[in-house]
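Undergrad: I have a structure here, written as structure tokens, and I will follow up with some questions on it.
The values are calculated or read from the model by the stated rules, or taken from the named source; none is laboratory data. Because the structure is a prediction, the values reported are computed rather than measured. Positions of Cβ are backbone-derived with ideal geometry, glycine not excepted, and every protein chain shown enters the neighbour counts.
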Amino acid sequence: MIKVLIAGSVRQKKVILEQFLLSLYDLNLNGIEVDYAFVDDNDDKRASNLLRKFRPLQSRVWFFEVEPDQESYIRNEANHYWSNSLVSRVANNKDLLLKHALMKQYDYILLVDSDLLLHPDTLLHLVSCNRDIISEVFWTRWTNTHELPNVWLMDEYKLYIAERGEEVDANEKDLRSMDFLNQLRKPGSYRVGGLGACTLISSKALTAGVCYQEIYNLSFQGEDRYFCIRAVVLGFELYVDTCYPCYHIYRDSDLEGVPAFLRSIPYRSIINLKNHSGL
């Protein structure tokens, strides 16, 4: 039986964390042995208490504590604000989870952010793709733009391919980017240059040394960039799956879209989740 560790670094609002945990309870685990591990980095004690109540039947759950962070994580309806120290903290937390998965000899770790809702078939499908590193797609309206994905093709967040030295004008950039975005709206599995937030990583990749630590001679922002660059250098290709998109609760106002996301799922296996979770 395949063994998977579902894990994440959690600093979240209680109302959003509740939705995330409920979606984990609803995952289809047919034929997969699943355990869980979380770094409890919450600055809201109510969220921390809620996380500690997460106890799925027939699964082990590990909670890792870290020293309280003196720096606030500021987020509002406009943006989330990430300082270098906050990014480094998340990178360290994620690497702790990778090391735990490696030490406990899991076949895969699914690293997932705590502001996502997963489709019940997400885990089974990602495992069936037989990739060493693959993320499930989701879409976010980061600012006043149209929705954009959690994956990209080149560099820090380039949504189009350009050959080395190729001059690409603004119109061509838009056309190539739109081709990529349209592709991601079609169910399938596609090679990408960067990914994050809901990522299945194989034991082979873990053993090879993938991690989220900063690469000192690059100025890219975000631990996912360093993970992706290091992974490709180690010989791994990166893929995105688009068959079961996640729902991203980036803002409090995105909670309004949760019922519609749940209604879009043809079937759900939830059986009295509140009794399981203590929520």
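Undergrad: Return the pairs, sorted by first residue and then second, in which the second residue is among the aromatic types (Phe, Trp, Tyr) and modelled with pLDDT of 95 or more, the first residue lies in the range 11-30 and is farther than 11 Å from residue 119 by Cα, the beta carbons are less than 6 Å apart, and the residues are 6+ apart or on different chains.
TA: 21/54
Undergrad: So, one more: State which residue is surrounded by the fewest Cβ atoms within 10 Å (Cβ to Cβ) when the search covers only the range 128-149 and only residues that are without any contact (Cβ under 8 Å) to a residue 60 or more places away in the chain and either assigned to a loop (DSSP other than H, G, I, E, B) or in contact with a Lys or Arg (Cβ under 8 Å, 6 or more places away or on another chain) (or both). Give the derivation first.
TA: Taking the range 128-149 as the starting set, the residues that turn out to be without any contact (Cβ under 8 Å) to a residue 60 or more places away in the chain are 128, 130, 144-148.
Filter once more, so that each one left must be either assigned to a loop (DSSP other than H, G, I, E, B) or in contact with a Lys or Arg (Cβ under 8 Å, 6 or more places away or on another chain) (or both): 130, 144-148.
Numbers: 130: 9, 144: 6, 145: 8, 146: 8, 147: 12, 148: 17.
Checked the range 128-149; the qualifying residue surrounded by the fewest Cβ atoms within 10 Å (Cβ to Cβ) is 144.
Listed here are the residues, each with its yes/no results for (1) hydroxyl-bearing (Ser, Thr, Tyr); (2) within 23 Å of residue 141 (Cα to Cα).
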{"residue": "199", "(1), (2)": "yes, yes"}
{"residue": "226", "(1), (2)": "yes, no"}
{"residue": "249", "(1), (2)": "no, yes"}
{"residue": "253", "(1), (2)": "yes, yes"}
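Undergrad: Can you tell me which residue is surrounded by the most Cβ atoms within 10 Å (Cβ to Cβ) among those in the range 27-60 that are touching a Lys or Arg at 6+ places or on another chain (Cβ under 6 Å) and within 21 Å of residue 106 (Cα to Cα)?
TA: Of everything passing the filter in the range 27-60, 35 is surrounded by the most Cβ atoms within 10 Å (Cβ to Cβ).
Undergrad: Can you say whether residue 213 is within 18 Å of the chain's Cα centre (by Cα), polar (S, T, N, Q) and over 17 Å from residue 152 (Cβ atoms), as far as the supplied structure shows?
TA: On the way: within 18 Å of the chain's Cα centre (by Cα): yes; polar (S, T, N, Q): yes; over 17 Å from residue 152 (Cβ atoms): yes.
In short, yes.
Undergrad: So in the range 205-217, with the set limited to residues that are in a helix (DSSP H, G or I) and among the small types (Gly, Ala, Ser), which one is surrounded by the fewest Cβ atoms within 10 Å (Cβ to Cβ)? Spell out how you get there, then give the answer.
TA: To start, the set of residues in the range 205-217 that are in a helix (DSSP H, G or I) comprises 205-208.
Now drop any that are not among the small types (Gly, Ala, Ser), which leaves 205, 208.
Numbers: 205: 22, 208: 14.
The residue in question is 208.
Undergrad: Kindly indicate whether residue 110 is crowded, with 21+ Cβ neighbours inside 10 Å, touching a residue at least 60 places away in the same chain (Cβ under 8 Å) and either at positive phi or in a helix (DSSP H, G or I) (or both). It would help to see each step written out before you state the result.
TA: On the way: crowded, with 21+ Cβ neighbours inside 10 Å: yes; touching a residue at least 60 places away in the same chain (Cβ under 8 Å): yes; either at positive phi or in a helix (DSSP H, G or I) (or both): no.
In short, no.
Undergrad: Quick check on my filter: what residues within the range 164-204 are part of a strand (DSSP E or B) and surrounded by fewer than 20 Cβ atoms within 10 Å (Cβ to Cβ)?
TA: Filtering the range 164-204 down to residues part of a strand (DSSP E or B) leaves 189-192, 194, 198-202.
Passing the criteria: 189, 190, 191.
Undergrad: Looking only at residues in the range 218-248 that are surrounded by fewer than 16 Cβ atoms within 10 Å (Cβ to Cβ), over 26 Å from residue 124 (Cα atoms) and not hydrophobic (A, V, I, L, M, F, W, C), which one is modelled with the highest pLDDT?
TA: 219
Undergrad: Kindly evaluate residue 215 against the criterion of being at pLDDT 90 or above and over 26 Å from residue 147 (Cβ atoms).
TA: Numbers: at pLDDT 90 or above: yes; over 26 Å from residue 147 (Cβ atoms): yes.
So residue 215 fits the description; yes.
Undergrad: Give just the number: which of (1) modelled with pLDDT of 95 or more; (2) among the basic types (Lys, Arg); (3) assigned to a loop (DSSP other than H, G, I, E, B) does residue 268 not satisfy?
TA: (1)
Undergrad: In the range 91-107, which residue that is outside any helix (DSSP H, G or I) and either touching a helix residue (DSSP H, G or I) at 6+ places or on another chain (Cβ under 8 Å) or at positive phi (or both) is surrounded by the fewest Cβ atoms within 10 Å (Cβ to Cβ)? So that I can check it myself, show each step before the final result.
TA: First, pick out the residues of the range 91-107 that are outside any helix (DSSP H, G or I): 104-107.
Of the ones still in play, those that are also either touching a helix residue (DSSP H, G or I) at 6+ places or on another chain (Cβ under 8 Å) or at positive phi (or both) are 105-107.
Values: 105: 10, 106: 24, 107: 17.
The selected residue is 105.
Undergrad: Here is a follow-up. Kindly check whether there is at least one residue in the range 218-230 that is in contact (Cβ under 8 Å) with a residue 24 or more places away in the chain, over 16 Å from the mean Cα position of the chain (by Cα) and part of a helix (DSSP H, G or I).
TA: No, that holds for no residue.
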